[in-house]
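FYI, it's all coordinate maths here, none of it is from the lab. What you see is a predicted model, and the numbers here were worked out from it, not measured in a lab. Heads up, the Cβs are rebuilt from the backbone with ideal geometry, glycines too, and the neighbour counts pull from every protein chain shown.
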Amino acid sequence: GAVVSQHPSRVICKSGTSVKIECRSLDFQATTMFWYRQFPKQSLMLMATSNEGSKATYEQGVEKDKFLINHASLTLSTLTVTSAHPEDSSFYICSARPLRAEFLDTQYFGPGTRLTVL
Amino acid sequence: AQSVTQLDSQVPVFEEAPVELRCNYSSSVSVYLFWYVQYPNQGLQLLLKYLSGSTLVESINGFEAEFNKSQTSFHLRKPSVHISDTAEYFCAVSVHQAGTALIFGKGTTLSVSS
């Protein structure tokens, strides 16, 4: 089956530092990858949509200069949280839409990355 | 804009009891409907989905959901739950358009005890 990995699974950093999270589609090519944020006991909130080779589209209220997204290849997207603050602590989840899929709606989710900013 | 409401944040049930997790959505356009499950410390997994056709869809592990257009609902049911069904369940929608993301409800925690 289609597998999406995220690295790291957990990261703890100091306030003011930057953290990079990788999202990889391991056995398929993904034209589109989505980045979500999940707060405890809350739903997944879409942060941005990234398409390979083009700039990401950010949802309203998401600071694009703070959450840098790069989708450099059909199997890798990265989310960099710059100058992290404690309020950025959250669970970050990516999903990937295959280049070739039976249905356009198909998405596969990564296991998530728990970011804690001290 | 679309929105999803999961009416119950927590549903505790005993093993072998039936369960229903409720989901209502709001949209001015046609949508696809999904249920995802998230087991502890794991990523989201697709449980079942409605795209078109029969309004009753089933998963391989005994869950089913029925699309009700008039009530804008997509409730998830299982006639007899197992301890292993304990997880977080998310209802989600996406519009009928390529490249759109999913819009999720807040999730329902299903806790099955013996």
Net charge (Lys, Arg +1; Asp, Glu -1) of residues whose beta-carbon lies under 10 Å from that of residue A:41, residue A:41 excluded, is 0
Extension length gain for residue B:77 and residue B:8 (0.36 nm per residue less Cα distance), in nm, is 23.5 nm
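Treat every Asp and Glu Cβ in chain B as -1 and every Lys and Arg Cβ as +1, leave all other atoms uncharged, and give the resulting dipole magnitude about the Cα centre to the nearest 20 debye. Working shown, then result.
Values: 6 positive and 9 negative charges, 77 e Å.
Dipole about the Cα centre, nearest 20: 380 debye.
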Out of A:66, A:14, A:41, a Gaussian network model of chain A with alpha-carbon springs under 10 Å gives the largest mean-square fluctuation to A:41
For residue A:14, counting only aspartates and glutamates whose alpha-carbon sits under 18 Å away and dropping same-chain residues fewer than eight positions off, the answer is A:87, A:88
Long-range alpha-carbon pairs in chain B, meaning those over 23 Å apart, account in percent for 23 percent
Given Cβ charges of +1 for Lys and Arg and -1 for Asp and Glu, the option among B:55, A:67, A:23 whose Cα lies farthest towards the positive end of the dipole of the protein assembly as shown is A:67
Protection proxy (average C-beta count within 10 Å per residue), highest first, orders A:72-79, B:5-12 as A:72-79, B:5-12
The relative contact order of segment A:27-118, taking Cα pairs under 8 Å that sit 6 or more residues apart, comes to a percentage of 30 percent
In whole percents, the bins of 10 Å from zero upward hold the Cα-Cα pairs of segment A:46-108 as 19, 50, 25, 5, 0
In debye to the nearest 20, the charge dipole size for chain A, taken about the Cα centre with +1 at each Lys and Arg Cβ and -1 at each Asp and Glu Cβ, equals 260 debye
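What is the Å³ per residue value for the convex hull set by the Cα atoms of segment A:1-113? Walk me through the numbers before you get to the answer.
Working: hull volume 11.6 nm³, N = 113.
Value for segment A:1-113: 103 Å³ per residue.
With r defined as the distance between the Cβ atoms of residue A:15 and residue A:60 and R0 fixed at 30 Å, what FRET efficiency is calculated, to the nearest 0.05? Don't skip to the answer; put the middle values down first.
Details: r = 26 Å, r/R0 = 0.85.
Efficiency computed from Cβ-Cβ geometry: 0.70.
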